[in-house]
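Some notes on the structure that comes next.
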Amino acid sequence: MASSATTRRFKLLFCALGIFVCYFYFGMLQEKITRGQYGDAKNGEKFTYMFSLVFVQCFVNYLFAKAGLMTIMKQQGEDTTPKLYYILSALTYLLAMVCSNMALQFVSYPTQVIGKAGKPIPVIILGVLLGNKVYPPRKYVFVFLVVTGVILFMYKDGPPKKPMDAAGQTGFGELLLLLSLTMDGITSAVQERMKGEHNTKSGHMMLNMNYWSVIFSTVAIVASGEVFQFVRFLQRYPATLWQIVTVSIAGAFGQYFIFFTIAEFGPLPCSIITTTRKLFTVLGSIIIFGHSLSTRQWLGTCIVFTGLFLDAVYGKTDRSSKKEVAK
């Protein structure tokens, strides 16, 4: 028994380290790609090919799911989920990723992480409206803490030092984060319906959502001509290709560790691990890229992660159930 418990603790530690390492590397390299300066200081350019970046990430995720999770998915049985659910969730998942990556061109990585920490807000709203979910009162208290922290972090003390941001429009990065959060909420609501109506397993979900995301992103980059600009950019800066591939591999392995943690230990330990890793990723970005936060923003960060941690530990409940549908 002692040996079994030790093995289980070692396995949990291994999963936690996997999630930390993969997503820390993912976050730092993602910020470097999207906010870095390419070329000389005078005539440098930015990486702006977000659909192409997401295409590579989804394609690597799909290959990883197809090759590495096929055995697990066979054990999960036949998938009866309608394609329409996968198509809708993949579309919103893709748009959320694109908006989130685009936001990094205009806001710092800590701002992106804190902004995206507001994900429980649209998840709850759309979960109630579309997923017929019922949440306990404490869930709303924890989400209120997250909202308060995000507002404190995002609040502008006064007029910006520069009249325009990198997009030529103040607040564009925050708008992209808001759109990303909205897409996240729709994705979660659709996934709730998939689980409730068809008991969709995570392996099938990962495979099919990335499959349809690859199709949608392929159409986008070909129809817009972005794929040709993306290829020319890689020809000018070939080292970027290795960065994009490795960040995609790190994301795929991160997804695998999350999937494995949930399967072996349940959603609670996974939620605590992922919440903690977000905090350390923010701190790592501040240290590595030299971001500075005001006292108010530090306070907002602490409140956000307090709310997320409490929600991870106490907010999950089996009593969340579907509302009775009036006949």
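The values are calculated or read from the model by the stated rules, or taken from the named source; none is laboratory data. Quick caveat, the model's predicted, so the values are computed rather than measured. For neighbour counting, all protein chains shown are included, and Cβ atoms are generated from backbone atoms with ideal geometry for every residue, glycine included. Calculation scope for accessible area: heavy atoms of the full protein, side chains included, ligands and nucleic acids excluded. Shrake-Rupley method; radii C 1.70, N 1.55, O 1.52, S 1.80 Å.
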Please note which helices (runs of 4 or more DSSP H) are completely contained in region 1-85 and include at least 3 residues that are hydroxyl-bearing (S, T, Y) and at pLDDT below 85.
2-35
Can you find even one residue in region 304-311 that is at pLDDT 85 or above and either of a type in the set (S, T, N, Q) or not in a helix (DSSP H, G or I) (or both)?
yes
Looking only at residues in region 205-232 that are in contact with a Ser or Thr (Cβ under 7 Å, 6 or more places away or on another chain) and of a type outside the set (D, E, K, R), which one is surrounded by the fewest Cβ atoms within 10 Å (Cβ to Cβ)?
V227
Boolean, I186 is in contact with a Leu (Cβ under 8 Å, 6 or more places away or on another chain), of a type in the set (V, I, T) and touching a residue at least 12 places away in the same chain (Cβ under 8 Å)
yes
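Pick from K327, K323, K316: which is in contact with a strand residue (DSSP E or B) (Cβ under 9 Å, 6 or more places away or on another chain) and either surrounded by fewer than 12 Cβ atoms within 10 Å (Cβ to Cβ) or at pLDDT below 80 (or both)?
Details: K327 fails: in contact with a strand residue (DSSP E or B) (Cβ under 9 Å, 6 or more places away or on another chain); K316 fails: in contact with a strand residue (DSSP E or B) (Cβ under 9 Å, 6 or more places away or on another chain).
None of the other options fit; the residue is K323.
Could you run through region 173-204 and say how many residues are assigned to a helix (DSSP H, G or I) and either open to solvent by 60 Å² or more (accessible area, probe 1.4 Å) or not hydrophobic (A, V, I, L, M, F, W, C) (or both)?
Of all residues in region 173-204, those assigned to a helix (DSSP H, G or I) come to 173-198, 202-204.
Within this subset, residues satisfying the condition of being either open to solvent by 60 Å² or more (accessible area, probe 1.4 Å) or not hydrophobic (A, V, I, L, M, F, W, C) (or both) are 173-175, 178-180, 182, 184-185, 187-188, 191-193, 195-198, 202-204.
Summing the residues that are assigned to a helix (DSSP H, G or I) and either open to solvent by 60 Å² or more (accessible area, probe 1.4 Å) or not hydrophobic (A, V, I, L, M, F, W, C) (or both) in region 173-204 gives 21.
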Within the set of pairs 6+ apart or on separate chains, which have a first residue in region 276-294 that is modelled with pLDDT under 80, a second that is in a loop (DSSP other than H, G, I, E, B), and C-beta atoms under 6 Å apart?
H291/S108
Scan (1) among the hydroxyl-bearing types (S, T, Y); (2) over 19 Å from A117 (Cβ atoms); (3) exposed (fewer than 15 other Cβ atoms within 10 Å of the Cβ) for the single condition S294 breaks and write down its number.
(2)
How many residues does region 216-250 hold that are farther than 20 Å from K32 by Cβ, free of Cβ contacts under 8 Å to residues at least 12 places away in the same chain and either acidic (D, E) or in a helix (DSSP H, G or I) (or both)?
6
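The rows are residues; the columns are (1) at pLDDT below 85; (2) among the acidic types (D, E).
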position	(1), (2)
P159	yes, no
Q169	yes, no
L177	no, no
D184	yes, yes
E192	yes, yes
Selection count, region 125-157, where residues are modelled with pLDDT under 80 and not in a helix (DSSP H, G or I):
9
